[in-house]
Structures are given as C-alpha cells and as structure tokens.
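The values are calculated or read from the model by the stated rules, or taken from the named source; none is laboratory data. Remember, predicted model here, so these are calculated numbers, not experimental data. As a convention, Cβ positions derive from the backbone with ideal geometry for all residues, glycine included, and neighbour counts pool all protein chains shown.
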Amino acid sequence: MVFDVSVAISWILFLALFPMAFFWLRRAWRILVRRDFSEVALKRGESPANPEKYAPFAALINLLCGVVVAYVIFGVLFVGMPFGTWTAVAGITIWTKFLADFILSRHAHPMRFGRKS
C-alpha cells in the first residue's frame, strides 16, 4: 500500500467537517435561543458596543454554513456524493464563513480616524 497525500488531505478535510458543523450550529443555537451575544462580531477578542444589533447576521451566517456542512456530511456518508462536488461545496462554505465573519466583525467595529481620545 502506497501512502497518497491527496487521500490523506481529503480524509482530514472530511473529518474536520464534523467539529465545524457542531461548533457553527452550536453557536447559532446560542445566539438565537439562549440570546448569548458573547461571540458575536468579535474583533481581537472584544465584542462590539451593541452586539445584539449584529446577532441576527452572525446567527444566519453560522446557521447557513452549519446546515450546508451537515448536508455535505450526510451526502458523503449516505448518498455517495462525488469527491469533486463535496470538496468544492465544503471548501466554498468554509471560506465563505470565514470571510463573512471577518466582514461582520469589521463592520461592527468601525475604524476611527484622527486623534484618539
């Protein structure tokens, strides 16, 4: 048996989808049901001045990405989703989640120009 790096990377990606889906869906649950805004739009570990304003957007991002990743997991395990399809959907979802969270955090913490008081 020959070790193939691409197969190993594919398995790592697939196994990483499980904790990603769990954490993203848990974060959406915390925001929507428990009304816990401690992880909404963080920038350098600090919450914005009014996190409840940005909570629906953060919940939507986490919920959509968590559902898509759960769909990919289900599709690979039970439907037999082709390799090219599930890796593309998973990759685009991961990058979209990271970029959307980044954009939301920068929007929630506007830049201040001029002298700092």
query = Is it fair to say Glu52 is under 13 Å from the mean Cα position of the chain (by Cα) and acidic (Asp, Glu)?
reply = no
ask   = All but one of (1) at pLDDT below 95; (2) surrounded by fewer than 16 Cβ atoms within 10 Å (Cβ to Cβ); (3) among the aliphatic types (A, V, I, L, M); (4) not in a loop (DSSP other than H, G, I, E, B) hold for Leu60; which doesn't?
value = (1)
message = Just to check your reading of the model, which residue among Ser105, Ser38 is surrounded by 11 or more Cβ atoms within 10 Å (Cβ to Cβ) and in contact with a helix residue (DSSP H, G or I) (Cβ under 9 Å, 6 or more places away or on another chain)?
response = Ser105
task = Just one of (1) more than 13 Å from Leu104 (Cα to Cα); (2) surrounded by 12 or more Cβ atoms within 10 Å (Cβ to Cβ) trips up Gly45, so point out which.
result = (2)
task = Please enumerate the residues belonging to the range 48-57 that are assigned to a helix (DSSP H, G or I) and either among the small types (Gly, Ala, Ser) or exposed (fewer than 11 other Cβ atoms within 10 Å of the Cβ) (or both).
result = Ala55
inquiry  = Can you find, within the range 8-29, the residue that is surrounded by the fewest Cβ atoms within 10 Å (Cβ to Cβ) among those that are within 16 Å of Trp95 (Cβ to Cβ), under 10 Å from the mean Cα position of the chain (by Cα) and among the aliphatic types (A, V, I, L, M)?
reply    = Met20
remark   = Counting only residues in the range 92-102 that are modelled with pLDDT of 95 or more and not charged (D, E, K, R), the one farthest from the chain's Cα centre (by Cα) is identified as Ile92
query = Mind checking which residues of the range 1-34 are within 16 Å of Asn62 (Cβ to Cβ), among the charged types (D, E, K, R) and not in a helix (DSSP H, G or I)?
reply = Arg34
message = Quick check on my filter: what residues within the range 73-94 are surrounded by fewer than 17 Cβ atoms within 10 Å (Cβ to Cβ) and within 17 Å of Pro19 (Cβ to Cβ)?
response = Phe74, Leu77, Gly91
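Only one of Val5, Val40 is touching a Pro at 6+ places or on another chain (Cβ under 8 Å), among the β-branched types (Val, Ile, Thr) and either over 30 Å from Arg106 (Cα atoms) or modelled with pLDDT under 95 (or both); which?
Working: Val5 fails: touching a Pro at 6+ places or on another chain (Cβ under 8 Å).
Only one candidate qualifies: Val40.
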